Amino acid sequence: MHLDLKTSLMLRLVVGALACFFIAAGLALFGTYRDVRQVNARVAEVLVRRLQIQLSHIESGIDATTRFPDFDLVSEHLQSAGQCVQYVGPDGSIVRSSCIGFNRDIGTPPAWFGAISSWIPAPQADVVRPISHRDRPYGSVVVTTERAAVFAAIWKEVSGMLGLTALVIGAICILQYRAISEVLRPTKDILAGLDRLGRGDLSSRLPHFRLIELQRISETFNALAASLERTTREKMQLAAKLVDHREQERLDLARDLHDELAQNLSAMSAVAASIEATAEAECPALVPEARNLSQISMAVMRVLRTTLRALRPPEIDDFGLAASLAVLARDHEQLAGGGLKISLEINGDLGALPPTAASHVYRIVQEGLTNINKHAHGAHARVDLGFRPEAGDPNTSERRWLTLTIENDGRGAADSGMAAEGNGFGLIGMRERVTALGGQLDILDLGDRGFRLHAMIPFEVPARLAQ
């Protein structure tokens, strides 16, 4: 169980106060036993002197032997409630005993107090004093006090202390709670700053605090947040440069293939057709080879068109991102031979995306569907794109979020090879692109129920375009 700082401090204060109370109660218990023993010792000393005087009177003939021991007069004035006085003869037998009963209805402590006291080892309160006359032993006097009477005396002393302790603890708790609440009020700002930082708001900063300890926390937090923001920004810039450089390489390669290889293949196809026409008239045996050469050049041309489409789909420039994604989904369904059904859901106008962001989004979807086709072997896949608008003036340019979700019902991402490197495909390539756009990418492995890829990508766009 987790407690906040104020409650924890209050509990510690209460525990400390209770510990002090129990220590004081323990001291009171031992002090009471000491006082009872002193009273018993005083009574015993008086009785011993009284009996020694009686022995002297008996020796002088003033008193009768049959009246020994006579301590009624003394015990009536000295004995207290719950106290017993016994005369034990030289042979160890109890010759006479006098006890004053303890009224349990008056000053009886609660049962819980008695139960606690019974567990505490108490010192001996009984007193035994020997009686002698002219160096001859005449037994002993034993003075005892009933345990219930001792507990009643202890409770009488502790009960007042208990009420005072409860009052003091309550007052201290109230004052301390208010003082601690005032002192710890800045911790709300610290927790709020940590929450914002945990949600990815690296611009979060803590204010200045009056307390030195909290100010040190604020300075350290702000320094770490600034360093993290700077490092993240540099990482995003580096990732953006790397991804943009990769895209530029794709464009350059696509342009070179189109300008050089495509033209040469077209020329090869034309030459093959010319050879076939000439061979029909002059050397019919070469016609099959000429046709084979023409077919080979056409096959290479088809492969080249597929490669060029993968390097730079013309639909993005000509028809926009939505149309390109529809064509991409259809191509992957055909590639799976009808074994995969892809559902494409677009909520909002993707034309609001900047061209660079649109290209990266296309590549992320492309890489995700490629991995599904190659590794997941699912029957259904879903691609969902939408916008998360923020409150603001619709005529101003604001920060918007594009949400992208790709999920399938095949094998999970953990064993689907999504982290494979090479040619920008896999989880690494997708993370690089999302990072380059300043977004966040989460992969949820659903085990036998497939996996879910969720990306949040920020961009600047007039809010009216994202409606």
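The values are calculated or read from the model by the stated rules, or taken from the named source; none is laboratory data. In this text, all values refer to a predicted model and were calculated from it rather than measured experimentally. Glycine also receives a Cβ, built like all others from the backbone with ideal geometry; neighbour counts cover every protein chain displayed. In case anyone asks, the SASA skips ligands and DNA or RNA and just uses the protein heavy atoms, side chains included. Shrake-Rupley method; radii C 1.70, N 1.55, O 1.52, S 1.80 Å.
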ask   = What is the spin-label model distance, in nm, from Q248 to H77 if the labels are put 7 Å beyond Cα along the C-beta direction?
value = 11.9 nm
key: Residue-wise HN-Hα coupling along region 342-353, computed from phi with Karplus coefficients 6.51, -1.76, 1.60 (Hz; x: Gly, Pro)   = 10, 9, 10, 10, 10, 10, x, 8, 5, x, 6, 6
Solvent-accessible area, 1.4 Å probe, carbon plus sulfur percent, for region 135-256 = 61 percent
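How much net charge surrounds D126 when only other residues with a Cβ under 15 Å from its Cβ are counted (Lys, Arg +1; Asp, Glu -1)? Present the calculation step by step, with values, prior to reporting the outcome.
Details: positive: R34, R37, R42, R129, R147; negative: D35, E45, E146.
Result for the neighbourhood of D126: +2.
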remark   = For region 241-382, dividing by residue count, accessible area per residue (probe 1.4 Å) in Å² works out to 55 Å²
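Hey, with R₀ at 25 Å, roughly what FRET efficiency would S203 and A323 work out to, going by the Cβ-Cβ distance, to 0.05?
Values: r = 37 Å, r/R0 = 1.48.
Computed FRET efficiency for S203 and A323 comes out at 0.10.
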ask   = At a probe size of 1.4 Å, how large is the accessible area of M298, to the nearest 10 Å²?
value = 80 Å²
note = Most packed first (mean Cβ within 10 Å per residue), the peptides 133-144, 279-290, 319-330 order as 319-330, 133-144, 279-290
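Using just the alpha carbons, could you tell me how many Å³ per residue the convex hull of region 1-44 encloses? Kindly include the intermediate steps, with their values, before the conclusion.
Values: hull volume 1.9 nm³, N = 44.
Spelled out: Cα convex hull of region 1-44, divided by residues, is 42 Å³.
Can you give the accessible area per residue of region 1-79, in Å², using a 1.4 Å probe?
Numbers: 4890 Å² over 79 residues.
Spelled out: the 1.4 Å probe surface of region 1-79, per residue, equals 62 Å².
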